[in-house]
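To keep things clear, I will list the structure first and then write my remarks on it.
The values are calculated or read from the model by the stated rules, or taken from the named source; none is laboratory data. The model shown is predicted, which means the values in this text are computed figures rather than measured ones. Virtual Cβ from ideal backbone geometry, glycine too; neighbours counted across all protein chains shown.
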Amino acid sequence: MKTFSVPIFTILFILLFLVSPIYALDEGFYSTISFTIRSVGKEGVTYEPNHVAGEYTSEVVSRKNISYFTSDNYRSRRYNKTHTVALPPFSKVDIGYYWYNNTPDERDIETIRIPLSREHIDNGDITQLLYENTDQEFKEGITCTNILCRGGKYIDIDGVGLLASDVGGSPRNGVVIETFTVKPAVELVKWEVEIWSSNLSQVTLYVKNNTKEYLNDIWVNYKATVSKVIDLGPYEERKLVVYKQCILSEEDANCGVITFYDRNTKAHCMVYGSDWGNYLRPDSISVWNKIGEEWVSGAQTQPGMEGFCIQRLPYVYSTKELIVYFDPPTPEPTQEEYWKDILGLEILPITNYQGSTLDNFFRLIKPVFTDNLNIL
């Protein structure tokens, strides 16, 4: 049997060649994200201000760098730093992005992928609490790095482009890469008005549960002292008929506002941390970076606790005024328009009534193309 000996330096060279790309990315480019508050609620929404939780974007993203959020040389994401917010509906949540390029070369961050749920979606899914942006579709699938894979829902965001090497320098402050709006659990999706008299109108409301949770004791108030109390199943749409006195004018009917009282609250988290020093738990990943053809994970949350959470607070929400605009009255037709509608012919304006009675009749209805019409 022949044997072959391979010099030890050749083996080391091969190993270095195989490992170096992994080291350059997975061990050389670091990133993390934050959840911060851009704004709270909107006009028509009331809530308990002391229940709001989280830090504001203006105080965090442009003032902090990756060192504030991580430990273990940017690899471990601190679980108690700007990763949880509690807000009423219509509040806006910013995703901040932070990085450190510890390689000697520029890195082109083509795409940033943010998970929006746990691997097992029933364990946590923040899409249940957020409106989907028109240009950012909620997706579901598996993302793999050189080391591990993670499933669940996610969103792809345009990357930040070329990032220079940070070797020998300090990390830079973060940037906002996306903004989401917290959606209400209950929403008025459509309404119709039938006016019976100046004192009474029938208003039909179409109320929808935006979530997959059961909602109990939703108060729908349509008069100062009158409410309907309903329960809604997951994604259920309910038709409600109420009677109101609408304020009538020549142009419209104003049927006032509808107010929803929702005392239900819900929180969802998209991350579950790993034990200290363990970087192989997929659910602990909160961000990926697309560099070339590779996905590189960001700092992984530690220890084993839920993280990157959004909580929808109880709220009261009054809609805008329900206004029905009347169609303007149709103007009376001119003589020319009247005869044109009857005869289906284009009629010239009347300019002369002289002549016989029959002659006058033909002049009244004379089509454009009968200028040489002979009257018999």
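Test Ile121 against the stated conditions and say whether it is in contact with a Leu (Cβ under 8 Å, 6 or more places away or on another chain), surrounded by 13 or more Cβ atoms within 10 Å (Cβ to Cβ) and among the β-branched types (Val, Ile, Thr). No; evaluated as a whole, the condition is false for this residue.
Listed by position, the helices (runs of 4 or more DSSP H) enclosed by the range 1-72 that each have at least 2 residues that are surrounded by 10 or more Cβ atoms within 10 Å (Cβ to Cβ) and at pLDDT 95 or above are 57-60, 66-69.
Given Tyr235, Tyr243, Tyr222, which one is in a loop (DSSP other than H, G, I, E, B), under 24 Å from Lys208 (Cβ atoms) and aromatic (Phe, Trp, Tyr)? Give the steps one after another, and end with the answer.
Working: Tyr243 fails: in a loop (DSSP other than H, G, I, E, B); Tyr222 fails: in a loop (DSSP other than H, G, I, E, B).
When all the criteria are applied, what remains is Tyr235.
Within the range 222-236, the presence of at least one residue that is among the aliphatic types (A, V, I, L, M) and either farther than 30 Å from Asp122 by Cα or in contact with a Cys (Cβ under 9 Å, 6 or more places away or on another chain) (or both) is confirmed. Using the structure shown, decide if Tyr131 is aromatic (Phe, Trp, Tyr), surrounded by fewer than 17 Cβ atoms within 10 Å (Cβ to Cβ) and in contact with a strand residue (DSSP E or B) (Cβ under 9 Å, 6 or more places away or on another chain). For Tyr131, the condition - aromatic (Phe, Trp, Tyr), surrounded by fewer than 17 Cβ atoms within 10 Å (Cβ to Cβ) and in contact with a strand residue (DSSP E or B) (Cβ under 9 Å, 6 or more places away or on another chain) - is met.
With the structure loaded, tell me whether Arg75 is more than 23 Å from Val186 (Cα to Cα), of a type outside the set (Ser, Thr, Tyr), buried (at least 18 other Cβ atoms within 10 Å of the Cβ) and touching a helix residue (DSSP H, G or I) at 6+ places or on another chain (Cβ under 7 Å) or whether it fails that test.
No.
Picking from residues in the range 97-123 that are under 20 Å from Cys144 (Cα atoms) and not in a strand (DSSP E or B), the one that is nearest to the chain's Cα centre (by Cα) is Leu116.
Quick check: anything in the range 174-195 of a type in the set (Lys, Arg), at pLDDT below 95 and more than 30 Å from Pro88 (Cβ to Cβ)? The answer is no, given that none of the residues of the range 174-195 is of a type in the set (Lys, Arg), at pLDDT below 95 and more than 30 Å from Pro88 (Cβ to Cβ). Against the numbered list (1) in the same structural domain as Ile112 (by TED's automatic domain parsing); (2) in contact with a strand residue (DSSP E or B) (Cβ under 7 Å, 6 or more places away or on another chain), Phe326 comes up short only at (1). Checking each residue in the range 85-125 for being over 30 Å from Ala185 (Cα atoms) and not β-branched (Val, Ile, Thr) picks out Tyr98, Trp99, Tyr100, Asn101, Asn102, Pro104, Asp105, Glu106, Arg107, Asp108, Glu110.
Is there a residue in the range 292-304 that is out of contact with any Gly (no Cβ under 9 Å at 6 or more places or on another chain) and exposed (fewer than 15 other Cβ atoms within 10 Å of the Cβ)? Within the range 292-304 (the criterion being out of contact with any Gly (no Cβ under 9 Å at 6 or more places or on another chain) and exposed (fewer than 15 other Cβ atoms within 10 Å of the Cβ)), the answer is yes, since at least one residue qualifies. Screening Phe180 with (1) within 24 Å of Asn264 (Cα to Cα); (2) outside the structural domain of Trp288 (by TED's automatic domain parsing); (3) not small (Gly, Ala, Ser) gives one miss only, at (2).
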